[in-house]
Amino acid sequence: MRDTVIVFARAPRLGTVKRRLARDIGDRAALRFHRDTLVRLLRSLLAERRFQTVLAITPDGARDRLPLRVGRIGQGRGDIGVRMDRACRRFPRGRVAIIGCDIPEAGAGDVLAAFKALGRAAAVFGPAADGGYWLVGLGSRRPARPFANTRWSTRHALADTLVNFRGRPVALLRTLNDVDTVADWRGQSGRSSPGTGSAVLALARMWPKSPGLARAARSAR
């Protein structure tokens, strides 16, 4: 059975994505960041033939108009744990990974590392610096409720989820940072991820009146 990676994403629509980031840089700049980061991730994953890539979009049936061809599924209703569990159950016999789309540094190499780790572990997580996680990978033998009782969007999210895997071997990937605020974005510009700093500068040129973008651009130079 071929391994599957599912990219969880909100449909790129003005005013509905990266709302905390948008408070500082504006809705249009936040939309551009969201869309560009999603497209960059999908292109990296689709270039790798050792697993199949699926895009799980919300809201269901949204027209995303992305410039690439990728299989799509809906996320359905419920909190993020319910939706991730539902997505994993679509692929019950193989190994499956779910990755978020707001980690500029993540790419196909991380997904390959996750599937390699699942050769000896029941689950693998990509920890986020804020206590959550940007990737989860599961083997074919999974807990009945792998994401139960998790306090989402808090520093407890990873720890809560790990409780559901008690007694099972779990592997951890590298710790990365998601981008929710201009401070997060500024921090990304100082890292080695290719294109991140240039993306900040490009957006600052497109929306020069955004004070948050201007500050981030100065840090990216």
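Laboratory data are not the source of any read-out in this text; all were calculated from the coordinates shown. No experiment lies behind these values; they were computed from the predicted model shown. Methodologically, a virtual Cβ is constructed for each residue, glycine included, from the backbone with ideal geometry; neighbour enumeration extends over all protein chains shown.
Couple of notes before you dig in:
- Distance between modelled label sites at Ala183 and Arg20, nm, 7 Å Cα→Cβ extension: 0.9 nm
- Cα centre as origin, Lys/Arg/Asp/Glu Cβ charges: the range 4-178 dipole, Debye: 540 debye
- Whether the range 4-178 is rounded, prolate or oblate, judged on the alpha carbon gyration tensor where a/c under 1.5 counts as rounded: prolate
- Model label zone, Asp64; criterion: amide N under 19 Å from point 7 Å along Cα-to-beta-carbon; scope the range 111-129: 111-112
- Extension gain for Arg2-His156 works out to 52.2 nm (0.36 nm per residue, less the C-alpha to C-alpha distance).
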